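Chemist: Let me begin by handing over the structure; questions about it come next.
Each reported figure results from applying straightforward, stated rules to the coordinates on display, with no laboratory input. Values in this document were obtained by computation on a predicted structure and should not be read as measured data. Please note: Cβ atoms are built from the backbone with ideal geometry, for glycine as well, and neighbour counts cover all protein chains shown.
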Amino acid sequence: MTAAQRQITPADLIPDTEYALQRRERLGAVLQLVRREANVDAARLRQRDVDPRLAQEFVGEPRPLARGSHEGSRRMRSKLPDVGTTIFTVMSALAAEKGAVNLGQGFPDFACDPALVDSVTQAMQAGHNQYPPMPGVPVLRQAIATKIEALYAHQYSAESEITVTAGATQAILTIILAIVHPGDEVIVLEPCYDSYIPNIDMAGGVAVRVPLTPGTFRPDFDKISAAITPKTRAIIVNSPHNPSATVWTREEMLKLQELLAPTNIVLISDEVYEHMVYAPLQHLSASSFPGLAERAFIVSSFGKTFHVTGWKIGYVAAPAAYSAEFRKVHQFNVFTVNTPVQHGLAAFLQDPQPYLQLPAFYGAKRDLFRQGLAQTKFELLPSEGSYFQCVRIDKLGVPEKDLSEADFCKWLTSEIGVAAIPLSAFYADGFDQRVVRFCYAKKDETLKLALGRLARL
């Protein structure tokens, strides 16, 4: 609306001073009303057997704040009182402080394919810079559906069964918020990605922790079966697995399908490392098994696949009824995802070679790193998939091997100059089995530098 088109209001005819006084009076009246309503609400809460301190905390009469301080402010009750700074942030900060090689946090230190950057740049220049459709741009959803069908022989509707997300972590939280009601139980196989349990807590659910077999990290179906109750709403499965780098076998997937068949349990299948599985193994998506696909949310990550973790973009594939519930939450906690990146990825996905070649690319890095570690007293555990390598520390020839996993990692970072992550960080109770995790998604020269320092052990 132009100035010429704007209608004159009575306020325009009041002298500035007079208008300011009128505004002040009106604001004062509004403030009094707010205070009165707050006091009424607090009284109502108290009458309903609510802790009066809690009532005051949320609707008590406003109190003035001292300039530059929080004196008099209302207390904040945490929804995650047991959650602090993640170990990944702690170790990355320590690595930076000590000048250590950071093999802790799982992110590449090399660039993505320049063609992908060009594709996103072209999308920006073409004007794809406004809100996309809430579930994702149609061309990208179709490219995702085509990829899944080619790899796993399962057809998803691009229109109603594929949703683009702001990374896999957002996808998992949104799934849980969409399906988990207060009191619902969700089975979590530990060790696990650190967002799972806080996500369940935020939804009011109950995390039922079932350990993978210590040492091998294979699923124990007797324990999983024993954990199922009438309250079980969902189970989260992650293959290739972070942090152990194990990959579920066909027999294990079939056993899971058999176990869930007589139930209404929802499967949340975290498959973000789907393109990093090393011969002779192959990734077995839950979408490949009809009895799992019909009850599964499949989660994947373009950030992991294409070395662009900072772009935070992934997707969820699920049956139409599941996707509809997912989108109800998605539209209010994210709404849409970066438009030019979506268009750029859609164009880039027309050539499948970049993700089909990933096993060879990361397999070479894995072999380089494992060969170097074999010259130390670290005990190598299998690395079947993902870009992680777990090692046992209890046979090292240094006294620090007797430290807790967490303290050992701090010592390794500070004194040896290589950052790792304790496996205990992936257990809610901090279970310590003398194992730490390295990430080999790094340049060869970075890995060689780290190996040179680790050779002292």
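Chemist: Between M134 and F110, what length in nm is gained on full extension when 0.36 nm per residue of separation is reduced by their alpha carbon distance?
Modeler: Extending this stretch completely gives an extra 5.5 nm.
Chemist: For a quick check: with amide H placed at 1.01 Å from N, whose amide H comes under 5 Å from N102's, ignoring anything fewer than 5 positions away on the same chain?
Modeler: For N102, the qualifying residues are A419.
Chemist: In nanometres, what is the gap between the two model label sites at K401 and Q282, each 7 Å from Cα along Cα-to-Cβ?
Modeler: 4.1
Chemist: Ok, one more. Once both labels are modelled 7 Å past Cα along the beta-carbon direction, what's the D351-T229 spacing in nm?
Modeler: Spacing of the two 7 Å Cα→Cβ label points: 5.4 nm.
Chemist: Additional query: Placing one identical point scatterer on every Cα of segment 140-284 and ignoring solvent, what is log10 I(q)/I(0) from the Debye formula at q = 0.09, 0.20 Å⁻¹?
Modeler: Evaluating at q = 0.09, 0.20 Å⁻¹ gives log10 I(q)/I(0) of -0.29, -1.44.
Chemist: Based on other C-beta atoms within 10 Å, arrange V316, V277, V208, V272 from fewest to most.
Modeler: The fewest-first ordering by Cβ neighbours comes to V208, V277, V272, V316.
Chemist: How much length, in nm to one decimal, is gained on full extension between F335 and T249, taken as 0.36 nm per residue of separation minus their Cα-Cα distance?
Modeler: Working it through step by step, the gained length comes to 27.3 nm.
Chemist: Say the cut-off is 32 Å between C-alpha atoms; which of K312/K448; K98/K223; K147/K365; K98/K312 go over it?
Modeler: Correct reply: K98/K223.
Chemist: Is the shape of segment 201-337 best called rounded, prolate or oblate, per the rule: a/c under 1.5 gives rounded, else a/b larger than b/c gives prolate, else oblate, with a ≥ b ≥ c the square roots of the Cα gyration tensor eigenvalues?
Modeler: Oblate.
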